[in-house]
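Okay, so here's the structure we're looking at.
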Amino acid sequence: MLTLQMKDAPLIRDPLSRTGCGHASRGVNGGTPPILDEKTRPWKKLVNVSLTGAAGRISNHLLFKLASGEVFGQDQPLALKLLGSESSVQALEGVAMELEDSLYPLLREVSIGIDPYVIFKDADWALLIGAKPRGPGVERAAILDINGQIFAEQGKALNAVASRNVKVIVVGNPCNTNALICLKNAPNLPAKNFHALTRLDENRAKFQLALQAGVFYDKVSNMTIWGNHSTNQVPDFLNAKINGRPVKEVIKDTKWLEEDFTITVQRRGGVLIEKWGRSSAASTAVSIAHAMRSLVTPSPEGDWFSTGVYTTGNPYGIADDLVFSMPCRSKGDGDYELVQDVAMDNFLWGRIKKSEAELIAEKRCVAHLTGEGNAFCDLPADTMLPGEM
C-alpha cells in the first residue's frame, strides 16, 4: 500500500517496495535501477526532469510528450519528478498511475511530492509551471507579489539541491519577472540557464504569418518575440522570413503587419479564453516541448528561436538585469547564444523599448524578492497578460 508523508526522505513507488516517506517515487519499468538489455544498453545517462504544477492541465499534456521521447529523443531515459501541493497529492498519484499504465520504455521513474527541496534534488531540467492565476479584482501588483514569493522559494530550493547546470523554464505568469526572481534567489546557478516561456507567442505569430501568406507554417522562419510575455510583447515581422524571403517582401500590407498581426498575436490568449472559457493548456505544453527541443537539438542553419533570457551583456542595447525574450541559437547542448545579425528599425525599437519599460516597472514591484531593497509599484495602466482581458 502506498503511504505519503509530506516532507523529508522519498517514498519509493516501486513495484518491489512501497514503503517510505516524503514523496513517492516509482520505478516504472521493473524497479530502480533498471537492468540493461540489448535495447537499453546504448541509452544515454538518465535525465532528471522536475515539474511544478504537475497536477494541472498543462502538465497533463506535457508529461506524456516528455515520457514518449518527443523532446529528448528515443535513446534518452528520464525520471519525472512532480511537485504539487498538499491538496493535490491524490491527483499527483493519479497522474503517476496514468504514466505507469502508458508503458513508456524511456520513463524509468516517477516521483511525486510537495517539498521542492526533495523534488528538485539533482534536477537537470526544472519546468516551473505552477502559479496562482489572477482572479477578479486582484491587482497586477498583488499577483506579482504572490507569485513572486513562490518563485523566490523555488529559486532557493534549486540553488540548494539541483544540478549545477540545471536548465530552468518558467511558465507560471508573469513568467519574465518570475524567472528574474527565481534566478536572483539562485546565485550559485548560472543566470543564463533561466528561461521565461515565450515560445507559444512565437508559434502563434508563425501561424498568423503563414495564414496571411497562404503557406504552411513550416515555411515561416526567423520569428522573434521580443520582450515581456504580455500584451506589450513584440512579434518581429522585420526579421522574420517566409520561404527564405523577408516577410515584408511577401506580405506587402504594412498596416496589417503593424496593427492586425501584432495585436492578434498579443491578444491571442485572451481571445482563446473568450471562446473556450479557459486558458490554453495543450498548445502551451506543445510550446514547452518546442522550447526544450530547441535547446537540445542544433538550430537549423540561419534560423533561430525565441526565449526569455537574462539581458545583462546583450548586444541590442536592452537594459541589463531583466529577463527579456530575444532571438537565440543553440548547438543542441542545452546552451544558447544570442543572435547578433538582426535588423532594427524605429517601429521595432520603439515597441521593444515599451516592453522594456514594462519589465523595469515590474522589477521595481518585486525588489523585496530580488534583494534590491523596498518594492515600489508604478505599473503602466495597460500592463496585462495575454489572458487578462
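The values are calculated or read from the model by the stated rules, or taken from the named source; none is laboratory data. Everything quoted here is computed from the prediction, not taken from an experiment. For neighbour counting, all protein chains shown are included, and Cβ atoms are generated from backbone atoms with ideal geometry for every residue, glycine included. All accessible areas refer to the heavy atoms of the entire protein, side chains included, with ligands and DNA or RNA removed. Shrake-Rupley method; radii C 1.70, N 1.55, O 1.52, S 1.80 Å.
Computed per residue of the chain from DSSP H runs no shorter than four, each worth -39500 (n - 2.57), the mean residue ellipticity at 222 nm is -10500 deg cm²/dmol. Take the Cα of GLU86, step 7 Å toward its Cβ, do the same at LEU103, and the gap between the two points is 4.0 nm. A Cβ-based charge dipole, computed about the Cα centre of the chain with Lys and Arg at +1 and Asp and Glu at -1, lands at about 320 debye. Ordered from largest to smallest accessible area (heavy atoms of protein chains, 1.4 Å probe), the residues LEU295, LEU46 come out as LEU46, LEU295.
Taking all protein chains as shown and a probe of 1.4 angstrom, ASP341 keeps an accessible surface of around 100 Å². Sequence-ordered 3J(HN,Hα) estimates for the stretch 57-73 from the Karplus curve with 6.51, -1.76 and 1.60 and θ = phi - 60° stand at 5, 5, 4, 4, 8, 5, 4, 6, 5, 5, 5, 6, x, 4, 8, 9, x Hz, glycine and proline given as x.
Please work out how much length the chain gains when fully extended from GLU274 to GLU70, using 0.36 nm per residue of separation minus the C-alpha to C-alpha distance, in nm with one decimal. All intermediate terms of the calculation are to be shown ahead of the outcome.
Numbers: separation 204, 0.36 × 204 = 73.44 nm, distance 3.09 nm.
Stretched out fully, the GLU274 to GLU70 stretch lengthens by 70.3 nm.
Rounded to the nearest 0.05, what FRET efficiency do VAL215 and TRP349 have when you use their Cβ-Cβ distance and R0 = 30 Å? Calculated transfer efficiency: 0.60. Rounded to the nearest whole Hz, the Karplus-based 3J(HN,Hα) values (6.51 cos²θ - 1.76 cosθ + 1.60, θ = phi - 60°) of the stretch 372-378 follow the sequence 10, x, 7, 7, 9, 9, 9, with x at glycine and proline. The alpha carbon centroids of the stretch 319-353 and the stretch 132-196 are separated by 21 Å.
Work out how much length ASP341 to ARG245 would gain on full extension: take 0.36 nm times their residue separation and subtract the Cα-Cα distance, in nm to one decimal. It would help to have the intermediate numbers written out before the result.
Working: separation 96, 0.36 × 96 = 34.56 nm, distance 1.58 nm.
Gain on stretching ASP341 to ARG245: 33.0 nm.
Which listed residue (ASN60, ASN185, TRP304) has the Cα farthest towards the positive end of the charge dipole for the chain, taking +1 on Lys and Arg C-beta and -1 on Asp and Glu C-beta about the Cα centre? Most positive-ward Cα: ASN60.
Here the simple spin-label model places points 7 Å from the Cα toward Cβ, and for ILE360 and LYS45 these points are separated by 4.3 nm.
For the stretch 254-389, a crude dipole built from +1 on the beta carbon of Lys and Arg and -1 on the beta carbon of Asp and Glu, taken about the Cα centre, is about 440 debye to the nearest 20.
When N counts the residues of the stretch 199-370, how does its alpha-carbon radius of gyration compare numerically with 2.2 N^0.38 Å, as a ratio? Show your work: numbers first, answer last.
Numbers: Rg = 15.8 Å, N = 172, 2.2 N^0.38 = 15.6 Å.
The stretch 199-370 yields a ratio of 1.02.
Taking every protein chain into account, the 1.4 Å probe leaves LYS255 with about 130 Å² of accessible area, to the nearest ten.
Filter the cross-link list LYS252/LYS331; LYS219/LYS252; LYS45/LYS331; LYS132/LYS255; LYS44/LYS331; LYS331/LYS354 down to pairs whose alpha-carbon distance in this structure exceeds 27 Å.
Values: LYS252/LYS331 34 Å; LYS219/LYS252 17 Å; LYS45/LYS331 19 Å; LYS132/LYS255 37 Å; LYS44/LYS331 18 Å; LYS331/LYS354 31 Å.
From the list (LYS252/LYS331; LYS219/LYS252; LYS45/LYS331; LYS132/LYS255; LYS44/LYS331; LYS331/LYS354), the Cα-Cα distance tops 27 Å for LYS252/LYS331; LYS132/LYS255; LYS331/LYS354.
State whether the chain is rounded, prolate or oblate according to the following rule on the C-alpha gyration tensor (a ≥ b ≥ c being the square roots of its eigenvalues): a/c under 1.5 gives rounded; otherwise a/b larger than b/c gives prolate, and the remaining case gives oblate. Since a/c reaches 1.5 and a/b is larger than b/c, the shape of the chain is classed as prolate. Rounded to the nearest 10 square angstrom, PHE72 shows an accessible area of 30 square angstrom against a 1.4 Å probe. Taking every alpha-carbon pair under 8 Å whose residues sit at least 6 apart, the stretch 199-370 reaches a relative contact order of 25 percent.
For the chain, the longest principal axis of the Cα atoms and the long axis of helix 140-161 meet at an angle of about 50 degrees.
Placing +1 on the Cβ of each Lys and Arg and -1 on the Cβ of each Asp and Glu in the stretch 173-276, which of LEU238, PHE194, CYS175 has its Cα farthest towards the positive end of the resulting dipole? The residue sitting most towards the positive pole is PHE194. Among LEU379, PRO77, TRP125, pick out the residue whose Cα is farthest towards the positive end of the charge dipole of the chain, where Lys and Arg carry +1 and Asp and Glu carry -1 on C-beta, about the Cα centre. Looking along the dipole axis, the top candidate is PRO77.
Spin-label pair LYS132-ASP303: with each label point 7 Å from Cα along the Cα-Cβ axis, the two points sit 4.0 nm from one another. From the alpha carbon centroid of the stretch 264-299 to that of the stretch 85-116 is 23 Å. Per residue, the chain exposes 43 Å² of accessible surface when a 1.4 Å probe is rolled over the protein heavy atoms with every protein chain present.
Select from PHE120, PHE207, PHE151 the residue whose mean-square fluctuation is largest in a Gaussian network model of the chain (Cα-Cα springs shorter than 10 Å). Result for the chain, Cα springs under 10 Å: PHE207 fluctuates most.
About its Cα centre, the stretch 44-196 has a charge dipole of approximately 600 debye under the convention of +1 per Lys or Arg Cβ and -1 per Asp or Glu Cβ, with nothing else charged. Accessible area of the chain with a 1.4 Å probe: how many percent of it is carbon plus sulfur? Using a 1.4 Å probe with all protein chains present, the chain comes out at 53 percent carbon and sulfur. Heavy-atom accessible area with a 1.4 Å probe sorts GLU70, GLU301, GLU93, largest first, into GLU301, GLU70, GLU93.
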